[in-house]
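Undergrad: I have a structure I would like to understand better, so I am pasting it below and will then ask my questions one at a time.
The values are calculated or read from the model by the stated rules, or taken from the named source; none is laboratory data. Small disclaimer: the values here were computed from a predicted structure and weren't measured. A quick note on method: Cβ atoms are made from the backbone with ideal geometry, for glycine too, and the neighbour counts reach across all protein chains shown. Side chains are part of the model used for accessible areas, which takes the heavy atoms of the whole protein and leaves out ligands, DNA and RNA. Shrake-Rupley method; radii C 1.70, N 1.55, O 1.52, S 1.80 Å.
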Amino acid sequence: MPFSKDILAGSSGQGGGASAFYDYQIEQSIRMEANNSDHLRRTPSSAGNRQTWSFSFWAKRAVLGTFQMILEAGSSGGADSRLFHAFKSSDDGIEVSSGTVNYGASTAKMRDTNGWSHIFFKHTGGTQTIYLNGNSIKTSTISGNTAVNSTVAHGIGCRSNSNGDFYNGYMAEVLLFDGTAYDPTDVAENKNGVWVPKDPSGLTFGTNGVHLKFENASDLGNDSSGNNNDFTSSGFGTDHQVLDSPTFGE
């Protein structure tokens, strides 16, 4: 379930009560605004594992009812050359598609604009599962290689190679694992009935793996995984790094 930091902080708002609850802190997030064409993009120089990977991030949406990209790799064709995940405009579910083939969408809706939620994609053995706060909400069959971890443009919160369909909201703790299909419990856990993040630093990121912490307001695409797989950030001002996250609030 989405987590309200105010419950833990008590009547005093954000403070020691909430901070003490977490074993692992996410100290900031980025605010992505469509009208600024905010985006994060990267094209890998070498291919990684295109059949086994996982992607994780925390989201707090700001605008509902519009088509918004979450993760897109490639630009056309089947899943081998294009694969994207997006919030649907019609009902705010999460859609998985190549553009050529629609692999379906979750029946669970992402309509919370007040709290943080954890979204996790696990891809292995031709099966992709989407999790929301640790719960499976959609399973699709996508056989063969995917465009993810290929040498094509990758976009986070935007189209991979063109403007449009930008994510509107906050995003924190973005993780891409190349070659390992982790479970959501590897990066988060249930603590006293609350879904909270875990430290991912001991996990294997693989060739194209990425950990975006958004620590540097002047370089929001900086990769902290140790791979230096930096994303190019565009449209962001330094004020788009904000002190609001799944574990910390303004």
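Undergrad: Which residue is nearest to residue 240 (Cα to Cα), if the candidates are limited to region 192-210 and must be open to solvent by 10 Å² or more (accessible area, probe 1.4 Å) and not in a loop (DSSP other than H, G, I, E, B)? Talk me through it step by step, then tell me what you get.
TA: In the first step, residues of region 192-210 are kept if they are open to solvent by 10 Å² or more (accessible area, probe 1.4 Å); the result is 192-195, 198-199, 201-207.
So of that shortlist, the ones also not in a loop (DSSP other than H, G, I, E, B) come out as 194-195.
Values: 194: 27, 195: 25 Å.
Going through the qualifying residues, I end up with 195.
Undergrad: Let me ask something additional. Before we move on, is residue 189 acidic (Asp, Glu), more than 13 Å from residue 53 (Cβ to Cβ), open to solvent by 10 Å² or more (accessible area, probe 1.4 Å) and in a loop (DSSP other than H, G, I, E, B)?
TA: Spelling it out, it is not the case that residue 189 is acidic (Asp, Glu), more than 13 Å from residue 53 (Cβ to Cβ), open to solvent by 10 Å² or more (accessible area, probe 1.4 Å) and in a loop (DSSP other than H, G, I, E, B).
Undergrad: Can I ask one more? Please go through (1) open to solvent by 30 Å² or more (accessible area, probe 1.4 Å); (2) part of a loop (DSSP other than H, G, I, E, B); (3) charged (D, E, K, R) for residue 244 and return the number of the only condition it doesn't satisfy.
TA: (1)
Undergrad: Which members of region 23-67 meet the condition of being under 21 Å from residue 132 (Cα atoms) and in contact with a Gly (Cβ under 8 Å, 6 or more places away or on another chain)?
TA: 31, 32, 52, 53, 59, 60, 61, 62, 63, listed by residue number.
Undergrad: Out of the residues in region 113-168 that are buried (at least 23 other Cβ atoms within 10 Å of the Cβ) and β-branched (Val, Ile, Thr), state the one that is farthest from residue 79 (Cα to Cα).
TA: 119
Undergrad: Note down all Cβ pairs under 6 Å where the first residue falls in region 79-102 and is farther than 18 Å from residue 162 by Cβ and among the aliphatic types (A, V, I, L, M), the second is in a strand (DSSP E or B) and open to solvent by less than 10 Å² (accessible area, probe 1.4 Å), and they're at least six residues apart or on different chains.
TA: These pairs meet every condition: 94/130; 96/85; 96/140.
Undergrad: Pairs needed: first member in region 111-124, of a type outside the set (Ser, Thr, Tyr); second member anywhere, open to solvent by 50 Å² or more (accessible area, probe 1.4 Å) and modelled with pLDDT of 95 or more; C-beta distance under 7 Å; at least 6 residues apart or different chains.
TA: From region 111-124, the pairs are 111/64; 122/183.
Undergrad: List the strands (runs of 3 or more DSSP E) that sit entirely inside region 78-128 and contain at least 1 residues that are farther than 23 Å from residue 61 by Cα.
TA: 82-87, 102-105, 117-124
Undergrad: Among what's in region 169-186 and is open to solvent by 20 Å² or more (accessible area, probe 1.4 Å) and not charged (D, E, K, R), pick the residue that is nearest to residue 69 (Cα to Cα). If you could, list the steps in order and put the result at the bottom.
TA: The initial filter retains those residues of region 169-186 that are open to solvent by 20 Å² or more (accessible area, probe 1.4 Å), namely 170, 179-183, 185-186.
Narrowing the set further to residues that are not charged (D, E, K, R) leaves 170, 179-182, 185.
Numbers: 170: 13, 179: 23, 180: 23, 181: 22, 182: 22, 185: 24 Å.
That would be 170.
Undergrad: Give me the residue from region 211-222 that is surrounded by fewer than 20 Cβ atoms within 10 Å (Cβ to Cβ) and without any contact (Cβ under 8 Å) to a residue 60 or more places away in the chain and, out of that set, farthest from residue 240 (Cα to Cα).
TA: Among residues in region 211-222 that are surrounded by fewer than 20 Cβ atoms within 10 Å (Cβ to Cβ) and without any contact (Cβ under 8 Å) to a residue 60 or more places away in the chain, the one farthest from residue 240 (Cα to Cα) is 222.
Undergrad: Something else now. Hey, residue 73 hits all of (1) open to solvent by 10 Å² or more (accessible area, probe 1.4 Å); (2) in a strand (DSSP E or B); (3) under 22 Å from residue 41 (Cα atoms); (4) in contact (Cβ under 8 Å) with a residue 12 or more places away in the chain but one; which does it fall short on?
TA: (1)
Undergrad: Taking region 17-60, which residues are closer than 16 Å to residue 205 by Cβ, crowded, with 20+ Cβ neighbours inside 10 Å and hydrophobic (A, V, I, L, M, F, W, C)?
TA: 53, 55, 57 - these are the residues of region 17-60 that are closer than 16 Å to residue 205 by Cβ, crowded, with 20+ Cβ neighbours inside 10 Å and hydrophobic (A, V, I, L, M, F, W, C).
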